[in-house]
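To keep things clear, I will list the structure first and then write my remarks on it.
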Amino acid sequence: MKRDYVFNDSIQRIKWRRKQNYDVSYLMNYAKDRGVYYLQLEDDILSQYNFVSEIFKFVQKSNNDLESRWKMIEFSPLGFIGKLFRTKDLPIFISMFLWFSEYKPLDLIHNYVFDIIACDPSKNIKLCKPNLMKVKIEYKPSLFQHIGLKSSLKGKIQKLKDKKFVHKIPIKKHLNPDATLSTSLKFYQGHTFNKLYFGIDYCWINEGTGNDNIIINFKEKFLLKGYIIKSGASLHPEDKIPINSTLEIKLFENQNKSKSKNLYQTEDEYLQIDRMESDSGEMIKNLNQSFWYDIKSLRLKIPNFTANKWILIYEFGVF
């Protein structure tokens with residue numbers, strides 16, 4: 001093993017980074033005859049919601065740009081994460097990684113490909129920049145964030161983060177019926193339930209009494225056929241609606257209540273139609289037609305909210 005005169009890396013680290021070059025080269029070689037594009041990811045990253053559709057849209061836009069001669073689109077500035085290639089361009093990168101595996105890690109080697117393609121070495125590097133931007137395109141803001149700490153190199157702690165990465169909480173808008181809303185809960189930085197209900201924002205609860213409700217009073221009689229409620233998110237997986245929370249309805253007057261006789265009824269005449277039995281944070285159901293109800297009110301009851309466990313609800317729909 002040759003001594004490293006550039007980074008002064010240990011033999012162990014040289015072997016580790018060389019293996020990284022070999023591993024990626026093997027993957028690229030396997031992929032070069034399969035598909036049109038190759039995206040390099042790792043198993044310890046966080047991705048933006050809908051990142052696949054965002055990538056496809058940006059690739060299509062870049063392909064339609066007559067000035068673009070892109071060889072790589074960078075969806076994250078960190079290391080070799082989020083790098084997209086056309087499979088037909090992979091052989092040159094494979095060759096470079098293998099040729100120079102003794103000398104440098106692949107996240108540095110791949111940049112030399114762009115220097116070769118886009119730059120005149122006899123001219124100032126600043127004059128090369130416009131050409132570089134056409135072969136190596138940067139997508140902003142980043143679609144991926146590195147969240148792992150332990151490296152595959154023994155003893156190495158990887159704290160690398162993209163400081164400009166802002167994770168978007170997924171919000172799915174539903175055309176919920178017009179209603180007046182009330183709750184005993186308090187919300188973090190204006191992420192209220194009202195905004196969630198009307199499809200504007202997610203709802204993030206940070207304070208309650210310990211026996212709380214979210215009450216939806218419909219302005220007109222509403223025929224309930226089903227509902228979908230989802231809580232927790234990739235950055236906040238523990239912020240879920242707690243176990244034993246219940247979904248309850250109050251029926252519209254003058255309707256046949258025989259079909260609801262098996263439902264538990266509260267003292268204030270709400271009927272319980274669902275209970276959070278697990279820590280999934282979700283309540284999803286399409287009601288059988290024989291159990292469709294004309295209701296005037298819907299209540300999400302959270303009996304055991306604690307301030308050390310917030311709740312983030314990112315989807316709420318009734319239909």
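Would you point out the residue of region 110-122, among those that are over 16 Å from ILE73 (Cα atoms) and of a type in the set (A, V, I, L, M, F, W, C), that is surrounded by the most Cβ atoms within 10 Å (Cβ to Cβ)?
Going through region 110-122, the residues over 16 Å from ILE73 (Cα atoms) turn out to be 116, 119-122.
Restricting the remaining residues to those that are of a type in the set (A, V, I, L, M, F, W, C) gives 116, 119.
On the way: ILE116: 11, CYS119: 18.
Per the criteria, the residue is CYS119.
Looking only at residues in region 47-74 that are of a type outside the set (Lys, Arg) and more than 25 Å from ASP162 (Cα to Cα), the one that is surrounded by the fewest Cβ atoms within 10 Å (Cβ to Cβ) is LEU66. Restricting to region 63-120, give me the number of residues that are of a type in the set (Asp, Glu) and touching a Lys or Arg at 6+ places or on another chain (Cβ under 8 Å). Final tally of qualifying residues: 4. Scanning region 126-145 for residues that are open to solvent by less than 60 Å² (accessible area, probe 1.4 Å) and outside any strand (DSSP E or B) yields CYS128, ASN131, LEU132, VAL135, TYR139, SER142, LEU143.
Residue pairs whose Cβ atoms lie under 6 Å apart, separated by 6 or more positions or on different chains, with the first residue in region 125-138 and touching a residue at least 12 places away in the same chain (Cβ under 8 Å) and under 15 Å from LYS71 (Cβ atoms) and the second in a strand (DSSP E or B) and not aliphatic (A, V, I, L, M), are GLU138/GLU74. For ASN8, the conditions (1) part of a helix (DSSP H, G or I); (2) within 27 Å of GLY148 (Cα to Cα) are fulfilled apart from (1). Any residue in region 111-129 that is under 23 Å from HIS146 (Cα atoms) and of a type outside the set (Ser, Thr, Tyr)? Checked region 111-129: at least one residue is under 23 Å from HIS146 (Cα atoms) and of a type outside the set (Ser, Thr, Tyr). All of GLU42, GLU67 fail the test of being modelled with pLDDT of 85 or more and either touching a His at 6+ places or on another chain (Cβ under 9 Å) or among the acidic types (Asp, Glu) (or both), apart from GLU42.
The values are calculated or read from the model by the stated rules, or taken from the named source; none is laboratory data. This structure is a prediction, so every number in the text was calculated from the model and none was measured. Every residue, glycine as well, gets a Cβ built from its backbone with ideal geometry; the counts of neighbours run over all protein chains shown. Protein only, heavy atoms only, side chains kept; ligands, DNA and RNA dropped before computing areas. Shrake-Rupley method; radii C 1.70, N 1.55, O 1.52, S 1.80 Å.
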